[in-house]
Amino acid sequence: MIQRLNTPYAGPAGRSIAALVGLLLVFGGAPGLRAGADPDSAQTRVWPLDLPEHYLTSNFMEYRPGRYHAGLDFKTRSLPGFVVRAVEDGYIERIRATPGAYGRAIYLRGDSGRTFVYAHLGRFNDVLRRRLQAVRTRTGRYRARLEFQPGEIPVTAADVLGLSGQSGTLGPHLHFEVRDAGQRPMDPQSEGFAVPDHIAPVIHHVRAVPAQATATAGGMSLAVLCPCAERDTLPALAIEGPVAFAARITEQSDRMGHVLEPAKIEVRLDGAVVYSTRNERFAFDEVGQQRLEWLEIPAHDGRARIRERWLHRRPENHLPGRSGGLWYLGAEGEGLAAGRHELSVTATDRAGNRDRVIVPLIVGAATPGEGWEEAPALACLSDATGMNTNCLTPFFQVKSEGGQAASVRTFSAQFDDPVLAPVQVLWDWLPQDAGQRTAAAQQGLLGSGPCLRITAADWPLDGKLAFAWPDSAPVPDAADSALGVYSWDGQEWDWEGSPLRPGPANLQLGIARRRAHTLLADFRPPRLPEASIDTISFSRGPVSPDPAVTLPRWEIRPLAVVDDGSGIQSSSIQLDLGGRRLIPEPDLVRDRILIQLPDSCRAGSTYELVLTVADRAGNRVQASWAASCRVDSDGGAR
C-alpha cells in the first residue's frame, strides 16, 4: 500500500551505500605537525585526514585547464568516509554545498589567521549539518552557502568536521587548502602539511621554438626537441635569431606515481638566472595567467598534444614567485649574441629533490646539432584536400603554398577582447560531416548549420571569443532556451553555453575551446534509465566512524539521470516522497542523483517517490516509483 509521509524531511542529501563503504574503516589520526612556516603560531597543527599514509593525487599550483590547482588533493584509498579534522583552533567561517566545483566544503578560520578549506566532503558533522538542513528547509534548494560570525561555531584542533567524500568531483579524495589573510591560496606543504618525498622531479625533454619566421633551431625553421633520457648535458644546439624554449617537467612524491608539478623551476643562461618560478601563493583574480606559462597545442595529424612549461616569463604575467622576462630575445631583440652559451634548467620539489639539464647553445653556427629531432609546435587547419596548408606557431604564421587559405583573426585586449595577450586564431566554416550529423541525431540535437573550425598555437584567453553566426546559415527553429553552442570532441557534441546576443539580429558563438563549434537545439528530454523499475528498495545504512557525524538511518540510493544534449539543470530537480518534498544531491558528474530518505521512514513501509527533472533547454520528464524500506527475514530493518 502506498502511504503518505507526514513527518518533515530530516536531513540533507548524502551518499549511496556503495559510496559509504569506507565508513566502516576507522583510523587513528596522524600525529600533529609543527607549523614551521608560521612563526607567530606556537600550536601544533593536526593532520586534516585520519589516514596513516599521506599520498597526494595533486599538489599546489598543478596544471588545470586555464587555472592552477589551489591546494593539495589527499588520496583516500579510492573510498569516502574517513574522518576529517580541524587542523588548529579557530572557528567555522562558512560552509558551502554545490552540485559541482568544491561540492560540500568547509572554511575554517584558524587562530593563526590562516583559512583552511576542506572540499568534496561526503558529510558535515552534526552541528554544521543541522545548520545546512535549516537553510534547505527554508529555501527548498540543494545549493547553499552559509556564513558565520567569528566565534559563532568555535572549533578546537582535532575536532571532527565531517567525513571525506567525492561531492562535486569524479573520485573520492580530500581537497585541502591553506589561504593567507587576503584569501590567497598558499602551498600547504610549506605550512606544516608536507608529505614525505624522496623522488626528484624529471625533466623529460627540452623543446626549442623559433620566435621569428627567419629564426632557426638545429637548422630547422620549426621547433626541435631533445629527450633528456637521464642525461645531465644535452647535445649542442645551433640556433639563429631569437629561439624560445619549453620543457616537459613532472614531479611525483610517492610510489603511487601521481603526476605533480615541481615547486620551483630555474633557468640560467651562462650562469645568470634569467627566469624562475616559485609556486608559493597566488590570488584568485590572477589564476587565468596560468595560460601565459604553458605551451599548449591541440593534437593534429596523429601528433600528440603538446603541453609543456615555457622557460621564460611573458610581460603580461604578474603571478607572485615569477622573475625574469623574454631573455631569448637578447639585448636588441634579435636573439642571443653570437658564440657559445650554456643554458641550464633546474626543477626542484618542495622537499628539495631536484633534476637539472644543461643545453649547450651555439649561436650563428651552421651545424644543426645532432640528437635534436624535428618536432613542430603547430596548430593547423587542413584544406579541402586534407593537407595542412594553414598553420600557426606560438609566434608566427606558417605560409601556405597552394591550397585554400583559412582566415586568420587577431584578438587583443586593446580591442577589448577577452584575452591576456594578443593571440592569432585560424578559423573557417565547414558543413557538418556525416559523423557529426549522426551524433547530433543520437543526442537529440537539431541543427543543420555549418561548423566553425578554430585553432591556435597560443591560447591566453580570459573569457570567450565571439564569432558571428553566418547570415546565410540556418538557425534551428526552436525556442531561445533550446538553442545552444556545442563543441565537437571527436565523438559527440558538448554543450558550451547559450549563444552570445549583442543585438536582436545577430547571433554570436562564444568560443572557449579550440574545437569545431556549431549552433544546435536540444529537443529531447532527459532519460531516466530506471523508469521501468516499479520499486526502489532502501536498506539500512552503514555505521558512522565517529559520534560527531550521524549517518542516515537508510542507505543513500543513487538514481540514474541522464541527458545527452544540453545537460541536466540541477535547479530543476524536484523529488517528492509520499507528498513531502525531498532535496536530493545532484551528482551530475556521474549522471545521477543521490536520494536520502528521512530517518522517520518506517521499516517495511512503502511510499510513493516522484521525480521531475529538466535539462538546460527546458525539456522536462517525470517518473514515479514505490520506495520500499527493506527489513530482514526476522523483521529487523536492514
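The values are calculated or read from the model by the stated rules, or taken from the named source; none is laboratory data. Just so we're clear, the structure is a prediction, and the values are computed from it rather than from any experiment. Reconstructed Cβ throughout: ideal geometry from the backbone, glycine too, with neighbour counts over all protein chains shown.
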Residue match in region 236-249 (condition: of a type in the set (Asp, Glu) and either closer than 29 Å to residue 340 by Cα or not assigned by TED's automatic domain parsing to the domain that holds residue 321 (or both)): yes
Wholly enclosed strands (runs of 3 or more DSSP E) of region 558-638 bearing at least 1 residues among the polar types (S, T, N, Q): 574-577, 606-614, 620-629
Selection from region 223-251 of residues that are modelled with pLDDT of 95 or more and over 25 Å from residue 335 (Cβ atoms): 250, 251
Test: residue in region 249-265 that is within 24 Å of residue 367 (Cα to Cα) and of a type outside the set (Ser, Thr, Tyr): no
Out of 600, 571, sole residue that is more than 30 Å from residue 493 (Cβ to Cβ) and either in the same structural domain as residue 618 (by TED's automatic domain parsing) or within 25 Å of the chain's Cα centre (by Cα) (or both): 600
Checklist (1) surrounded by 15 or more Cβ atoms within 10 Å (Cβ to Cβ); (2) closer than 26 Å to residue 229 by Cβ; (3) small (Gly, Ala, Ser) applied to residue 304, failing item: (1)
Members of region 421-466 that are buried (at least 18 other Cβ atoms within 10 Å of the Cβ), in a loop (DSSP other than H, G, I, E, B) and under 26 Å from the mean Cα position of the chain (by Cα): 421, 443, 456, 457, 458, 459, 460
Selection within region 86-128 - touching a Gly at 6+ places or on another chain (Cβ under 9 Å), surrounded by fewer than 22 Cβ atoms within 10 Å (Cβ to Cβ) and basic (Lys, Arg): 96, 109
Unique match (being over 30 Å from residue 331 (Cα atoms) and surrounded by fewer than 19 Cβ atoms within 10 Å (Cβ to Cβ)) among 181, 272: 181
Residue within region 524-542 that is without any contact (Cβ under 8 Å) to a residue 40 or more places away in the chain, over 27 Å from residue 434 (Cβ atoms) and within 25 Å of the chain's Cα centre (by Cα) present: no
Selection from region 543-572 of residues that are closer than 17 Å to residue 595 by Cα, in contact (Cβ under 8 Å) with a residue 60 or more places away in the chain and of a type in the set (Ser, Thr, Tyr): 550, 570, 571
Residue within region 147-168 that is of a type in the set (Gly, Ala, Ser), touching a helix residue (DSSP H, G or I) at 6+ places or on another chain (Cβ under 6 Å), surrounded by 16 or more Cβ atoms within 10 Å (Cβ to Cβ) and more than 30 Å from residue 348 (Cβ to Cβ) present: no
Any chance residue 408 is surrounded by 16 or more Cβ atoms within 10 Å (Cβ to Cβ) and of a type outside the set (Ser, Thr, Tyr): no
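So which of 531, 516, 505, 548 ends up being more than 21 Å from residue 446 (Cβ to Cβ), at pLDDT 95 or above and among the hydrophobic types (A, V, I, L, M, F, W, C)?
548
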Only one of 616, 590 that is of a type in the set (Lys, Arg) and surrounded by fewer than 19 Cβ atoms within 10 Å (Cβ to Cβ): 590
Members of region 607-627 that are closer than 16 Å to residue 575 by Cα and in contact with a Ser or Thr (Cβ under 7 Å, 6 or more places away or on another chain): 608, 609, 610, 613, 614, 615, 620, 622, 625, 626, 627
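A quick yes/no check of all residues on (1) among the polar types (S, T, N, Q); (2) surrounded by 15 or more Cβ atoms within 10 Å (Cβ to Cβ); (3) under 30 Å from residue 364 (Cβ atoms):
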{"position": "280", "(1), (2), (3)": "no, yes, no"}
{"position": "289", "(1), (2), (3)": "yes, yes, no"}
{"position": "295", "(1), (2), (3)": "no, yes, yes"}
{"position": "329", "(1), (2), (3)": "no, yes, yes"}
{"position": "334", "(1), (2), (3)": "no, no, yes"}
Residue tally, condition surrounded by fewer than 20 Cβ atoms within 10 Å (Cβ to Cβ) and of a type outside the set (Val, Ile, Thr), over region 207-235: 12
One residue from 62, 93, 88 being in contact (Cβ under 8 Å) with a residue 12 or more places away in the chain and within 17 Å of the chain's Cα centre (by Cα): 62
